[in-house]
Amino acid sequence: MRSRLRWVLWDVKDTLLKVRASVGEQYCKEAERLGLNVSPAEVEAAFHHAYRHYSSRYPNYGIPQGMDGRSWWMGVVQNTFSRCRVQDPAVLNTMAHNLYHNFCNAENWEVFPDSHKALESCSSLGLKLGVVSNFDNRLEEILRACGLLSHFSFLITSEEAGVEKPSPVIFDQALQKCGVPAATVAHIGDHYVKDYLTSRSVGIHGFLLDRHNTHNQRDIPQEHRLRSLDELPSQLQQHMD
């Protein structure tokens with residue numbers, strides 16, 4: 001006899017919401033406020049270099065090296081604009097500070113059209129909801145600004161947890177908060193390894209959200225793959241009957 005589903009855990013970025021405009025556009029908007037003229041394409045490319053560098057050298061917001069999400073992101077922003085020939089330390093610091101706080105605002109994020117309905121449907125099924133996300137500690141404020149926070153009983157960010165997906169440890173922490181066996185928990189996310197494989201490795205029912213049909217791994221059964229969150233309630237219902 002299989003266990004009845006009781007909880008659904010959620011990834012956030014690119015699952016429930018996404019950055020509204022490109023990073024290059026948003027960073028350039030802040031640069032223009034300070035009188036700088038840089039191109040979005042150049043800033044976008046510089047950002048990806050800076051982000052990869054910091055992610056490799058200081059993984060998970062540099063927590064192992066004594067950093068936090070704020071100092072990590074400010075470093076990424078400063079490094080981005082340094083690559084675009086902005087050298088004034090005061091200007092770099094101001095842009096980094098402002099952009100860190102700007103990304104707490106709802107106008108910088110776009111909630112997917114199917115997100116609210118999916119979350120409400122889960123609650124209607126009697127399921128409790130939590131978040132497991134590779135994100136810094138601004139996540140609660142962002143979810144509140146986007147009108148999503150009230151759906152969740154708890155949030156676990158990788159900054160708070162001190163470990164990030166694909167480590168199974170962050171899912172173990174979530175299961176402790178749920179207080180139920182892994183077999184009664186599902187997880188929804190858009191990343192094949194970090195969300196799908198890792199959640200299933202600890203016994204959670206992992207579902208892979210593949211909005212753009214880009215995941216071609218053959219080891220994903222069709223019943224574990226979602227083209228949109230509109231498909232989720234019927235999949236979950238099969239684990240509740």
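The values are calculated or read from the model by the stated rules, or taken from the named source; none is laboratory data. Keep in mind that what you see is a predicted model, and the values were worked out from it rather than measured. Reconstructed Cβ throughout: ideal geometry from the backbone, glycine too, with neighbour counts over all protein chains shown. With ligands, DNA and RNA removed, areas are computed over all heavy atoms of the protein, side chains included. Shrake-Rupley method; radii C 1.70, N 1.55, O 1.52, S 1.80 Å.
Here is how the numbers come out for the structure above:
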{"item": "Matching residues in segment 169-194 - criterion: being in contact with a Phe, Trp or Tyr (Cβ under 9 Å, 6 or more places away or on another chain), part of a helix (DSSP H, G or I) and touching a residue at least 60 places away in the same chain (Cβ under 8 Å)", "result": "174, 178, 184"}
{"item": "Criterion (of a type in the set (A, V, I, L, M, F, W, C) and under 21 Å from residue 221 (Cβ atoms)) met by exactly one of 148, 197, 155, 143", "result": "197"}
{"item": "Subset of segment 137-168 (residues that are among the basic types (Lys, Arg), more than 16 Å from residue 59 (Cβ to Cβ) and not in a helix (DSSP H, G or I))", "result": "138"}
{"item": "Residue that is least open to solvent (accessible area, probe 1.4 Å) [pool: residues in segment 12-60 that are among the polar types (S, T, N, Q) and on the phi < 0 side of the Ramachandran plot]", "result": "15"}
{"item": "Verdict on residue 125 being hydrophobic (A, V, I, L, M, F, W, C), touching a residue at least 60 places away in the same chain (Cβ under 8 Å) and in contact with a Phe, Trp or Tyr (Cβ under 8 Å, 6 or more places away or on another chain)", "result": "no"}
{"item": "Conditions (1) of a type outside the set (A, V, I, L, M); (2) open to solvent by 10 Å² or more (accessible area, probe 1.4 Å); (3) on the phi < 0 side of the Ramachandran plot; number of the one not met by residue 130", "result": "(2)"}
{"item": "Qualifying residues in segment 1-32 (those that are without any contact (Cβ under 8 Å) to a residue 40 or more places away in the chain and either outside any loop (DSSP other than H, G, I, E, B) or touching a Ser or Thr at 6+ places or on another chain (Cβ under 9 Å) (or both)) - the one nearest to residue 128 (Cα to Cα)", "result": "23"}
{"item": "Candidate set from segment 214-241 (those that are assigned to a helix (DSSP H, G or I) and of a type in the set (Asp, Glu)); member that is surrounded by the most Cβ atoms within 10 Å (Cβ to Cβ)", "result": "231"}
{"item": "Tally of residues being under 27 Å from residue 160 (Cα atoms), in a helix (DSSP H, G or I) and not charged (D, E, K, R) across segment 33-69", "result": "16"}
{"item": "Residue count, segment 65-106 (criterion: touching a residue at least 60 places away in the same chain (Cβ under 8 Å) and either surrounded by fewer than 16 Cβ atoms within 10 Å (Cβ to Cβ) or touching a Cys at 6+ places or on another chain (Cβ under 6 Å) (or both))", "result": "4"}
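For (1) more than 16 Å from residue 134 (Cβ to Cβ); (2) under 21 Å from the mean Cα position of the chain (by Cα); (3) of a type in the set (A, V, I, L, M), each residue gets a yes or a no:
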| site | (1), (2), (3) |
| --- | --- |
| 162 | no, yes, no |
| 173 | no, yes, no |
| 200 | yes, yes, no |
| 217 | yes, no, no |
| 235 | yes, no, no |
| 238 | yes, no, no |
